[in-house]
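**Q** This structure is in structure tokens; I'll ask about it shortly.
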Ligand code: SF4
């Protein structure tokens, strides 16, 4: 997995990405997801990460800030023929593509993230 060398989480405690429970509705899982979202949101290989987690059927942990339930939903949507943001060849916003699939503007960030960047 060559993409892992560029992962934004490579120096982060792996336990952050593996809540003690697989119950996605638990407060513990929600807190882990909130903690990893900003890391995954700026990760340059988030799409590779999510694709790998989907393709290998990862049933545990947060991959690209998705829970096992999120990934099951994506796999069900794929099976049903719903357009897949991971497989989509149109450039997606690298900052939020996995959390809020938004098309990139001119190959850069989406309008929402551009606004956030300008306000910061
Ligand atoms: S998307 Fe998140 S979990 Fe995946 S490699 Fe990047 S930082 Fe790590």
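What follows draws every value from the coordinates through simple rules; no lab data is involved. Owing to the predicted nature of the structure, the values given are computational and were not obtained by experimental measurement. All Cβ positions, glycine included, derive from the backbone under ideal geometry; neighbour counts span all protein chains shown.
**Q** Kirkwood hydrodynamic radius, the stretch 11-88, all distinct C-alpha pairs: what's the number in Å?
**A** 12.8
**Q** For the ranges 29-36, 113-120, what's the packing order if you count other beta-carbon atoms within 10 Å of each residue, average per peptide, and put the highest first?
**A** 29-36, 113-120
**Q** In what sequence, highest mean first, do 37-49, 14-26 appear when ranked by Cβ atoms within 10 angstrom?
**A** Ranking the peptides 37-49, 14-26 by packing returns 37-49, 14-26.
**Q** What's the extension gain from residue 118 to residue 55 if we count 0.36 nm per residue and subtract their Cα-Cα distance?
**A** 19.1 nm
**Q** For the pair residue 37/residue 11, report the inter-label distance in nm, with labels modelled 7 Å from Cα in the Cβ direction.
**A** 2.5
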